[in-house]
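What follows is a single structure, written as structure tokens, with notes after it.
The values are calculated or read from the model by the stated rules, or taken from the named source; none is laboratory data. Since the model is a prediction, treat every value here as computed from it, not as a measurement. Glycine also receives a Cβ, built like all others from the backbone with ideal geometry; neighbour counts cover every protein chain displayed.
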Amino acid sequence: MKGPLPLDLEGPYPLDWVDYFVADKEKPGTFILSQDGKIHHYIGRADSGLGDAIKEAARRGDYSFFWFKFAESPEEAFHTHCHLWHLFNPPHSPNHPTPPPGQDWKCRECEA
């Protein structure tokens, strides 16, 4: 839940700044949402449209901060999502990430 973030994630930033920091709105990526900028409450990903995915997920909770990382592909976003989920065990993301429909990618951490 708490701990040092991988150095390649950007943030934490206030949620009001999503459009400023996530300017390329079509790229895939992963993100973390937090209520206080310290605890990693929710971890999510977007197979495309990272900025919109952050805003949509934030509407479902009382979040004020976010971290993010662009990915080169949806598969890279999936593997980063899995890694962060295992690393932080986020309380608002209790279920292991799943690949997009039609993909059979396996988690590199646990083979799920």
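So here's what we get for this one:
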{"item": "Candidates E56, E76, filtered to the one that is of a type in the set (D, E, K, R) and over 16 Å from L15 (Cβ atoms)", "result": "E76"}
{"item": "Condition met for G29 (of a type in the set (G, A, S), over 23 Å from D104 (Cα atoms) and touching a Leu at 6+ places or on another chain (Cβ under 8 Å))", "result": "no"}
{"item": "Residue that is modelled with pLDDT under 95, within 24 Å of W105 (Cβ to Cβ) and not polar (S, T, N, Q), where the choices are F78, F88", "result": "F88"}
{"item": "Total residues in region 17-59, condition assigned to a helix (DSSP H, G or I) and under 21 Å from P99 (Cβ atoms)", "result": "6"}
{"item": "Residue within region 75-92 that is within 26 Å of D24 (Cα to Cα) and of a type in the set (D, E) present", "result": "yes"}
{"item": "Filter result for F68 (closer than 20 Å to D8 by Cβ and at pLDDT 95 or above)", "result": "yes"}
{"item": "Those residues of region 78-103 which are part of a helix (DSSP H, G or I) and crowded, with 17+ Cβ neighbours inside 10 Å, in sequence order", "result": "F78, H79, T80, H81, C82, H83, L84, W85, F88"}
{"item": "Residue check, Y13 modelled with pLDDT of 95 or more, surrounded by fewer than 19 Cβ atoms within 10 Å (Cβ to Cβ) and either of a type in the set (D, E) or not in a loop (DSSP other than H, G, I, E, B) (or both)", "result": "yes"}
{"item": "Close pairs (6 angstrom Cβ cut-off, 6 or more residues apart or separate chains): over 10 Å from Y42 (Cβ atoms) in region 77-94, small (G, A, S) anywhere", "result": "A77/G29; A77/A71"}
{"item": "Residue that is surrounded by the most Cβ atoms within 10 Å (Cβ to Cβ) [pool: residues in region 60-76 that are touching a residue at least 40 places away in the same chain (Cβ under 8 Å) and part of a helix (DSSP H, G or I)]", "result": "P74"}
{"item": "Test result for L50, at pLDDT 95 or above and in contact with a His (Cβ under 8 Å, 6 or more places away or on another chain)", "result": "no"}
